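Here's the structure we're looking at; comments come further down.
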Amino acid sequence: MNIKEIETKTMLVPSKLPDAQYVVNPYTGCEFGCAYCYASFMGRFVNEPVNNWGNYVYVKTNAVSVFEKDLKRWSQARRQSSIFLSSVTDPYHGIESKYRLTRGILEILARETYPGLVSILTKSPLVLRDVDILHQIPHVEVGMTITTTDDKLGRFLEVRAPLISRRLHTLKQLHEEGLHTYAFIGPLLPHFRYRPDLLEDLFARLAEVGVQSVFIEHINLKPYIRERLLQRMQHESPEIQDVYRQASSLKHREILDRLVTNLVEKYQLRLRLNRVLYHNQNMPS
Ligand code: SF4
């Protein structure tokens, strides 16, 4: 893993995500290196090729002080804005345990009694380290990305991310701590179209660990993502590769949308934004 320390000029960045007004990314790059990650395009800002995603992290060493400065400039009205950590990295990947930038940012939000929604999305149980701070932020929610209940498949696609079973356990622990939790099912893996039982298992596990709402996003197969994903799947059978290749079709999405609608109702979960997201309306992590 290539770790480089850099400085940043700004931390609170207006968001293009459908459910967040500002995003905060203390790192460029992500140790977890998921095969389907749309954020791999970030490499162009630090001169890293798309296929090197997952092998480097640029640490914004001044992230906490710059965040504090950015926030100080905000009016009371602007402080109602929702803030999302993080859109193009995981705020709790491995080196956060050393640099503690996410924690530093949360400490400022707690100290300022930030009134807007602070939403965290991660794949890592390291978030449990910060439960003490999370309790001090008035409106906070913690989400975990859960794409499957199969650890083996999770390990294959989410190369260095913590196992899904650990993420589910983390959601349970956060719920038991009294924190508001959600799940991000993204990408909605194409094979669920042919194995709805596996998708149902996922929903059942989420309900079991106390999740009340879910964001769901169809797989994003823009050329740069498709290239990385298919490269990763080159040893899989042609049938499996085909399922992924065909996942951009409207028919594919409609079939999965119907499955999701039924399961959301059956497990009494709230579908955030009332739809399954697609393509440019990305969520991260
Ligand atoms: S999907 Fe999230 S956790 Fe995976 S590499 Fe991208 S930013 Fe990191």
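So what is the 222 nm mean residue ellipticity for the chain from helices alone, if each DSSP H run of at least 4 adds -39500 (n - 2.57) and you divide by all residues, rounding to the nearest 500 deg cm²/dmol?
My calculation for the chain gives -10000 deg cm²/dmol from helical runs alone.
What full-extension length gain, to one decimal in nm, is calculated for Leu273 and Glu5 as 0.36 nm per residue of separation minus the Cα-Cα distance?
So the extension gain works out to 92.8 nm.
Taking 8 Å as the Cα distance limit and 6 or more residues as the minimum spacing, I'd like the relative contact order of the chain as a percentage.
Relative CO of the chain lands at 19 percent.
Rounding to the nearest 20 debye, state how big the charge dipole of region 2-274 is about its Cα centre with +1 on each Lys and Arg Cβ and -1 on each Asp and Glu Cβ.
The dipole of region 2-274 has a size of about 620 debye.
Please build a GNM for the chain, connecting alpha carbons under 10 Å apart, and tell me which residue among Ile95, Ile240, Ile105 fluctuates the most.
Of Ile95, Ile240, Ile105, the Gaussian network model singles out Ile240 as fluctuating most.
Using the heavy atoms of the protein chains alone and a 1.4 angstrom probe, what is the accessible area of region 2-274 per residue in square angstrom?
With the other protein chains kept in place, region 2-274 gives 44 Å² per residue.
For a Förster distance of 25 Å, can you work out the FRET efficiency between the beta-carbons of Gln234 and Arg44, rounded to the nearest 0.05?
0.55
Counting only complete DSSP H runs, which helices of the chain cover 20 Å or more along their long axis at the Cα atoms and score a mean Kyte-Doolittle of -1.0 or above?
Answer set is 250-266.
What do you get for GluC sites (Glu not before Pro) in region 1-76 restricted to DSSP loop and a cutoff of at most 15 other Cβ within 10 Å of the site's Cβ?
Taking region 1-76 and a limit of 15 other Cβ atoms within 10 Å, the loop GluC sites (Glu not before Pro) found are Glu7.
The values are calculated or read from the model by the stated rules, or taken from the named source; none is laboratory data. Model, not experiment: these values are computed from the prediction. All Cβ positions, even for glycine, are placed from backbone atoms using ideal geometry, and neighbour counts span all protein chains on display. Each accessible area value is taken on the protein alone, full model and side chains, heavy atoms only, with ligands, DNA and RNA left out. Shrake-Rupley method; radii C 1.70, N 1.55, O 1.52, S 1.80 Å.
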